[in-house]
Amino acid sequence: MTPDLKVVIAGVEFSNPLMTASGCCGYGEELSEIFPLSKLGGLVTKSITLHPRLGHPTPRTAETSCGMLNAIGLANVGVDKFIAEKIPFLARQKTKIIVNVAGSTIKEYVEVCARLNDCEPIDMVELNISCPNVDEGGMEFGADPKMTEKSIRAVKKVFQRPLIAKLSPNVTSIVEIAQAAEQGGADVLSLINSLVGTAIDIDTWQPRLTNNKGGLTGPAIKPIALAMVDAVYSHCKLPIIGIGGIASAADVVEFMLCGATAVEIGTALFIQPDIPVKIAKDLKTYLKDKKLTSITNLIGKVRKYK
Amino acid sequence: MTKIISEDIFIVKKRNLKNDYYSLVLKPFSKIENCQPGQFVHLRIPSASIFFRRAFSLADTNAEKGTIEIIFKVFGRGTRILSSFRKSDYLNVLGPLGVPFKLPDKKEKVLIAAGGIGLPPLLYLVAEMVKKGYNPETIEFFYGGKTAADIIERNRIKKMKVNFHPVTEDGSFGEKGLITTPMEEMILENKAEKMKIYSCGPEGMLKAVNELGLKYGIEGQISLEAPMPCGIGLCLGCVVPLVKGGHARVCCDGPVFDIGEVVL
């Protein structure tokens, strides 16, 4: 019997637990040239804001040991153009569509999500309350429990489908923020967003990013992400989508054992764009070897030392 | 059928062209029939200290042998490690990627403007034009470098029977100065003729060539270089500003752009 990769999150069924992470596949068009998007459980779009943004000047990415720094600056087409030009393509894809939304005020989050609520092909919204790369907001929402709760509550009033809160690791206690998101009415938690970091060119003495700092992603952050997923799973009831340096089926298994119901794959797509297809195949082999019928058998089953 | 795939590819020939310049011939590449001049391949260098792939313009392809060639200069960590690879070593290749050059009309005079390690895509372009029956005597091949050591593959250029105009900043080989000076003279001498410019090289040179094209109303294309984490338009790390406003991704909206299209 072929093991079942299907997972259900907040009543939405995903064909497998693999999704793209926001900002790592635009609005899906380019990735669809590499493999059919139906191979993904879900596709998370680049962050959408109320108005179009060009983002920061280049260089806005830099290579680090086992990872990358980025400060793209939420470059995106804006919600109106997104709905008019990107949604028709996404609607044709046989995968779940999750739209990531960023903003600098609660009003902005609400306005964008209200428009997305009228857009039928969208299955869920992921609220980016944790972008480290914009001065005016983003992370400051996700670093304050009260603001987290308030912004989620406001969006829940206008967006009727499941809402994911994407959490920042750049906080003293991610559990406290997760509980605030739960309190505010979030249906799902996704974690972690990138860690604030920087790199300096020792010839010019200038930072390698024009934004002077950026977000660290890739395999370098995986152990931190795993520990945070584990901590949040122990203290919250909401389903978790794990994010952070996932590049193999083994990584997915680790995240699920720590409590994730699904995962988002980000930076790994830049190195090996067809990696989700390989991971799905390898996950089936793993489950078969372990004589498991469903991938959901893994969720939260880490055997901790007493 | 997907247009882009990644596959393992072996080094079948390695040449140290001069000092820090190397040529690698690689095979088998299943998408060889799709390759066009101006396009690039994204190579994964198997080393723990290299995280991103590295982009290399195609310097040549051979459909019968199933080989592609890249030429590079050791510049940073990635190219240093790549230069240590030997025959039979393998790399993972993604491609061919990017927008190719648009070939000129056969009646047009062609001005090639290569600078330093911007040579490879132009070598491929000219080889392809000669193969397609363009008259090599209508191709003026300007090639500039800092010193004589930076003018590589001279015999290969001469063999194509084009008009070769080497230029070095210190005058150690060919004319002394920058290539835009003899290029401008050529343009002024042939004002009556319809011309096209193709260029790849350092930013300062591209800027000067771009201005030359605009000044005399000569159409043409330039190939840009940028650090590219993904190479396929996913990450938005390699953008350039456009004259009409907004950004273009060098990896998939380029690397070849029309003269006057991007802000340099």
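The values are calculated or read from the model by the stated rules, or taken from the named source; none is laboratory data. This structure is a prediction, so every number in the text was calculated from the model and none was measured. Here the Cβ is made from the backbone with ideal geometry for all residues, glycine too, and neighbour counts use every protein chain on show. To get the accessible areas, we keep the full protein, side chains included, count just its heavy atoms, and leave off ligands, DNA and RNA. Shrake-Rupley method; radii C 1.70, N 1.55, O 1.52, S 1.80 Å.
Here are a few things to note about the model shown:
- Taken about its Cα centre, the protein assembly as shown carries a charge dipole of about 1500 debye when Lys and Arg each add +1 at the Cβ and Asp and Glu each add -1 at the Cβ.
- Of the beta bridges in region B:109-258, as assigned by DSSP with both residues counted there, near 20 percent are antiparallel.
- Region A:62-214: C-alpha gyration tensor shape, a/c 1.5 cut-off, then a/b vs b/c: oblate
- When the accessible areas of B alone and A alone are added and the area of the pair subtracted, with a 1.4 Å probe, the result is around 2300 Å², both sides summed.
- Peptide B:14-21 has a mean of 0 when you count, residue by residue, the C-beta atoms of other protein chains within 10 Å of its C-beta.
- Whole-angstrom Cα spans of region B:6-97 along principal axes, big to small: 32, 28, 25
- For the residues of A:53-65, the average number of beta carbons from a partner chain within 10 Å of their own beta carbon is 5.
- Proximal charge balance of B:Lys87 [Cβ under 11 Å; K/R count +1, D/E count -1]: +3
- For chain B: accessible area per residue (Å², 1.4 Å): 44 Å²
- Cα gyration tensor, region A:1-87 - rounded (a/c under 1.5), prolate or oblate: oblate
- Shape call, chain A: gyration tensor on alpha carbons, a/c limit 1.5: rounded
- The mean sequence distance of close C-alpha pairs (under 8 Å, at least 6 residues apart), as a share of the length of chain A, puts its relative contact order at 20 percent.
- Enclosed volume per residue, in Å³, of the convex hull spanned by Cα atoms of the protein assembly as shown: 164 Å³
- Whole-angstrom gap from region A:160-220 to region B:1-42, using each part's C-alpha centre: 37 Å
- Given +1 at the Cβ of Lys and Arg, -1 at the Cβ of Asp and Glu and no other charges, the dipole of chain A around its Cα centre is 900 debye to the nearest 20.
- Peptide B:234-244 - average C-beta neighbours from other chains (10 Å radius): 6
- Mean residue ellipticity (222 nm) of chain A, computed from DSSP H runs ≥ 4 via -39,500 (n - 2.57), nearest 500: -8500 deg cm²/dmol
- Distance between the 7 Å Cα→Cβ label points at B:Ala148 and B:Lys176: 1.5 nm.
- Other residues lying with their Cβ under 13 Å from the Cβ of B:Glu169 contribute a combined charge of -1, Lys and Arg counting +1, Asp and Glu -1.
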